[in-house]
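Notes for the one structure printed next.
FYI, it's all coordinate maths here, none of it is from the lab. The structure displayed is predicted, hence computed values, not measured ones. Note: ideal-geometry Cβ built from the backbone for every residue, glycine included; neighbour counts use all protein chains shown.
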Amino acid sequence: MAALPTEPGDEGYFVREVEKRDGGCLRVKQCSRGDVGCVVWDAAIVLSKYLETEQFCDPAAGINTWADKTVVELGAGTGVVGLMAATLGAHVIVTDLEDLQPLLETNIQDNAALVSSGSVKAKVLKWGEDVAEFLPPPDFLLMADCIYYEQSLEPLVMTLRSLAGPQTCIICCYEQRTMGHNPEVEKRFFELLLRHFESEAIPLEKQDPEYSSPDIHVLHLHLRP
Ligand SMILES: C[S@@+](CC[C@H](N)C(=O)[O-])C[C@H]1O[C@@H](n2cnc3c(N)ncnc32)[C@H](O)[C@@H]1O
């Protein structure tokens with residue numbers, strides 16, 4: 001496992017701040033060198049801020065969908081989405097490949113003060129591999145910017161099928177890209193996915209007014225009956 005420097009000023013790190021509606025601020029370290037999971041992608045910001053929208057969290061109306069819910073995040077990268085859910089009261093497992101575990105651990109530690117009634121831990125989950133330790137199915141599966149290379153599509157859909165139960169809501173956020181193989185990869189993903197899941201697109205008006213974009217899509221997915 002790669003060792004990471006642990007101090008914020010260390011060379012190779014830069015910090016992304018995500019302000020929360022309750023006045024708190026997530027501070028998520030990213031690495032200036034490394035694979036795609038080392039940085040916060042725009043879809044992760046859109047999804048993080050979506051989790052805070054009024055349909056999920058409305059303190060004035062006594063609504064907090066996340067309180068005590070179980071959440072697994074796939075391809076978590078820096079962990080910002082799962083961390084946001086944990087600060088809102090969910091019990092979260094952020095997952096990614098082995099290489100990303102030190103960064104996930106660092107970000108969990110650095111934001112621990114924002115997590116009170118919820119919890120968050122990091123674990124390895126490679127798509128297509130055994131998911132027994134993540135069962136029973138969580139209430140929510142979260143994924144941001146996980147649709148991007150052909151070889152991962154079947155294993156990813158397999159993991160979604162293995163982890164999701166009839167009550168599980170998968171919230172999938174992805175940036176629609178027009179370059180290179182991206183359109184084909186996306187098309188193939190949805191072909192595979194929609195054999196097993198029903199999809200509801202969340203309109204921009206229901207997303208965070210500032211952190212949303214016409215080319216970043218939020219979907220709710222449920223297993224077909
Ligand atoms: C584009 S990054 C997105 C990271 C983060 N969700 C975000 O939006 O900032 C894709 C993530 O998927 C993870 N990933 C890619 N292939 C994977 C696989 N086969 N199993 C598990 N995770 C994988 C990568 O390590 C990376 O963290």
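Taking all C-alpha pairs of the chain, those more than 30 Å from each other amount to 18 percent.
Measure out, as a whole number of angstrom, how far apart the alpha-carbon centroids of the stretch 179-204 and the stretch 113-139 sit. A separation of 24 Å, based on Cα centres. Mean sequence separation of contacting Cα pairs (under 8 Å, at least six apart), scaled by the length of the chain, corresponds to a relative contact order of 18 percent. Looking at the P(r) of the stretch 138-225, how many percent of alpha-carbon pairs lie beyond 23 Å? Here the tail beyond 23 Å accounts for 21 percent of pairs. Looking at the stretch 14-69, the trypsin sites (Lys or Arg not before Pro) that sit in a DSSP loop and have at most 11 other Cβ atoms within 10 Å of their own Cβ are Arg33.
Between the amide H of Glu73 and those of Ile93, Val94, Thr95, Leu142, distances stay under 5 Å, these residues lying 5 or more places away or on another chain, with hydrogens modeled in the peptide plane. GNM remark for the chain: springs join alpha carbons under 10 Å apart, and the peak mean-square fluctuation among Cys25, Cys38, Cys173 falls on Cys25.
Of the GluC sites (Glu not before Pro) found in the stretch 44-129, those that fall in a DSSP loop while having at most 14 other beta-carbon atoms within 10 Å are Glu54, Glu129. Output the lone cysteines of the chain: those with no second cysteine's C-beta under 4.7 Å from their C-beta. Cys25, Cys57, Cys146, Cys169, Cys172, Cys173, each lacking another Cys Cβ under 4.7 Å. Here's how it looks for Val120: its modeled amide H is under 5 Å from those of Val92, which are all 5 or more places away or on a different chain. When you filter the trypsin sites (Lys or Arg not before Pro) in the stretch 180-225 for DSSP loop state and at most 15 other Cβ atoms inside 10 Å of their Cβ, you are left with Arg195.
Out of the DSSP beta bridges found with both residues in the chain, what percent are antiparallel (nearest 5)? Roughly 50 percent of the DSSP beta bridges within the chain come out antiparallel. Here the Karplus relation 6.51 cos²θ - 1.76 cosθ + 1.60, evaluated at θ = phi - 60°, turns the backbone of the stretch 121-134 into coupling constants of 9, 10, 9, 7, 9, 8, 4, x, 9, 4, 10, 3, 6, 9 Hz, with x for every Gly and Pro.
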